[in-house]
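Got a structure here, written out as structure tokens. Questions coming.
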Amino acid sequence: MILLDPNVTALLYLAAAVFFILALKGLNSPRTARRGNLIGAFGALVAVVTVFFSTRLDNVPLILGAIAVGSGVAAPVARRVKMTQMPQLVALFNGVGGGAAALVALLELPHAEDAWVRVAVVFTLLVGAVSFAGSAVTFAKLQELMTTRPVVFPGLPVLMGAVLLAAVGAAAAVVMGGSLALALLLLLLGLVAGVLLVLPVGGADVPIVISLLNAFTGLAVAASGLVLGNVLLVVAGTLVGASGTILTRAMAAAMGRSVAGILFGAFRGGSTAGSTVMSDRPVRSSSPEDVAVLLGYAQRVIIVPGYGLAVAQGQHTAAELAQALESRGIRVDFAIHPVAGRMPGHMNVLLAEANVPYESLKEMGEINSEFRTADVALVVGANDVVNPAAKTTAGSPIYGMPILEVADARQVVFLKRSMRPGFAGIENDLMFEPQTTLLFGDAKESLTKVLGAVKAL
């Protein structure tokens, strides 16, 4: 096989790095997100092809076979996954990346003679294993293969501390020339640490932990680049680690909490771990026709989408309802909370898919002051992000979280499947206020009925 000239290889690596940076830039806005994804994918293709033609590879048929199998599994899964399951897919991809980095480090350990390279090896082993195991648990929680509530038991903090101390000891032994058996022990301790790290996290906090583990994977990949002497891996891993860290901090700020409080809040009762029992307090419910009258004769309507809208796949109906109201001269906007749904940008992507104009998607900081001028706030499948307890109830799991000021609207309409609480597991007192009306049912079906009633006015 003809190998590329080292200078050409360096230029191609530089081009791939530029593509990755441009991809991150494109992901800053829904308008350019699709293009950003394509640029990033092209950059990855350039990187893989460059490695293939710049390195003397053994077992080429096995490598090509692995690529074919991986592509054959990933492509149909990615095409079929629902938007509501995207966080689970991100968790799986993230975990696979961390696991791959750990395995590469394990295989490279016998060839690592320099002490600093061995440091990079043990870092990659430990962090990659934590990311792999932690991502597996987040997937299981979001997929409801296990309880989404925090899992805590007496002695868990002590056990976590003991595992981390043992991992540090094993890492030091490996750096000083320890055997492959010690490296395997370090890998096992990393897997246990990853599980113990995520078990106490519950409810709405899980997507934030996915972002944190994504940063861990990036750091592991960057360290594996040091192990392999591959500059592009260092650059790509650092970009992922930095962007994951920034996103984690932004999501935590949007929840009004610290990262430490998210990870360890369950130990002191501060996690989103409330009850799942439905309230039996009386509420004012309504019919689709009554809701249509409220909307059809309003001058200003703000629609607040949430995870329930995503589950019901009602974004197209919501967009059609907004168009029907606008045709009657009513101003309609969509209020987007930073953590609405289960991942940042979830609602933006859903509504962009339904061709809602970007200028109608208003972020929380922009829209909050406008709720007091709204005749109707229509809350579709959201709960915690509009719960006044975040401002009024000290000790609440969501206390301090910035919320959409839905309570300031003249009339509030909740479209809910039931009175079951949101991810935080607490009641929303706004549902029991005199200006609030509830319309029970599947979000898409309810929106369809309201839409038909609006058109019949």
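Bear in mind that the values in this text are calculations on the coordinates, not laboratory data. Please read all numbers here as calculations on a predicted model, not as lab measurements. Virtual Cβ from ideal backbone geometry, glycine too; neighbours counted across all protein chains shown.
Of the chain, which part is the longest with no GluC sites (Glu not before Pro) in a loop (DSSP not H, G, I, E, B) and with at most 13 other C-beta atoms within 10 angstrom? Working shown, then result.
On the way: sites that count: Glu113, Glu144.
Answer from the scan: 145-457.
Let me ask you something else. When the Karplus curve 6.51 cos²θ - 1.76 cosθ + 1.60 is applied with θ = phi - 60°, which whole-Hz ³J(HN,Hα) does each residue of the stretch 356-363 get, with x for Gly and Pro?
Per-residue couplings from phi come out as 6, x, 4, 5, 8, 8, 10, 6 Hz.
Oh, and also: Provide the FRET efficiency to the nearest 0.05 for the Ser418-Ala166 pair, computing r from the beta carbons and using R0 = 41 Å. Write out the running numbers ahead of the final one.
Numbers: r = 46 Å, r/R0 = 1.11.
The computed FRET efficiency comes out at 0.35.
Then there's this: Under 26 Å Cα-Cα from Lys449, which lysines qualify once same-chain neighbours fewer than 8 residues away are excluded?
Within the straight-line limit of under 26 Å, Lys449 reaches these lysines: Lys82, Lys362, Lys416.
How would Lys449, Lys416 line up from fewest to most surrounding beta-carbon atoms within 10 angstrom? Numbers along the way, then the final one.
Working: Lys449 18, Lys416 25.
Going from sparsest to densest Cβ surroundings: Lys449, Lys416.
Can I ask one more? Asn59 to Asn7: extension gain in nm, 0.36 nm per residue of separation minus the Cα-Cα distance? Walk me through the numbers before you get to the answer.
On the way: separation 52, 0.36 × 52 = 18.72 nm, distance 2.56 nm.
Taking 0.36 nm per residue and subtracting the Cα distance, the gain is 16.2 nm.
Now a separate question. Sort Arg80, Arg31, Arg300 by Cβ crowding within 10 Å, fewest neighbours at the top.
Numbers: Arg80 8, Arg31 11, Arg300 17.
Fewest-to-most Cβ neighbours within 10 Å comes out as Arg80, Arg31, Arg300.
Say R0 is 22 Å: what FRET efficiency, to the nearest 0.05, do Asn28 and Leu89 get from their beta-carbon distance? Before the final figure, lay out each step's value.
On the way: r = 21 Å, r/R0 = 0.97.
E between Asn28 and Leu89, to the nearest 0.05, is 0.55.
Ranked from highest to lowest mean number of other Cβ atoms within 10 Å per residue, what is the order of the peptides 163-175, 48-60?
Ranked from most to least packed, the peptides come out as 163-175, 48-60.
Still on this structure: Using a 10 Å cut-off around each Cβ, can you sort Ile246, Ile21, Ile403 from fewest to most neighbouring Cβ atoms?
On the way: Ile246 12, Ile21 16, Ile403 21.
Lowest count first: Ile246, Ile21, Ile403.
In Å, what Kirkwood hydrodynamic radius results for the chain from the alpha-carbon pair distances? Write down the numbers at each step before the final one.
Working: mean 1/r = 0.0416 Å⁻¹.
One decimal place: 24.0 Å for the Kirkwood radius.
Can you tell me the relative contact order of the chain? Whole percent, Cα pairs under 8 Å, sequence separation 6 or more.
Working: 813 pairs, mean separation 65.3, N = 457.
Dividing the mean separation by the residue count of the chain yields 14 percent.
Moving on to the next point. When the dipole is taken about the Cα centre of the stretch 288-456, and only Lys, Arg (+1) and Asp, Glu (-1) are charged at their Cβ, what size is it in debye, to the nearest 20?
Working: 14 positive and 19 negative charges, 38 e Å.
With Lys and Arg at +1 and Asp and Glu at -1, about 180 debye.
What percent do you get for the relative contact order of the stretch 94-268 when only Cα pairs under 8 Å and 6+ apart count? Working shown, then result.
Numbers: 285 pairs, mean separation 51.6, N = 175.
Relative contact order for the stretch 94-268 comes out at 29 percent.
Mind ranking 3-12, 212-221 by how tightly packed they are, going by the mean number of other C-beta atoms within 10 angstrom, highest first? Let's see the in-between values first.
Details: 3-12: 13.4, 212-221: 26.9.
Top to bottom by mean Cβ count within 10 Å: 212-221, 3-12.
For a quick protection proxy, order the peptides 178-188, 375-385 by their average other-Cβ count within 10 Å, most packed first.
Details: 178-188: 17.5, 375-385: 26.7.
Ranked from most to least packed, the peptides come out as 375-385, 178-188.
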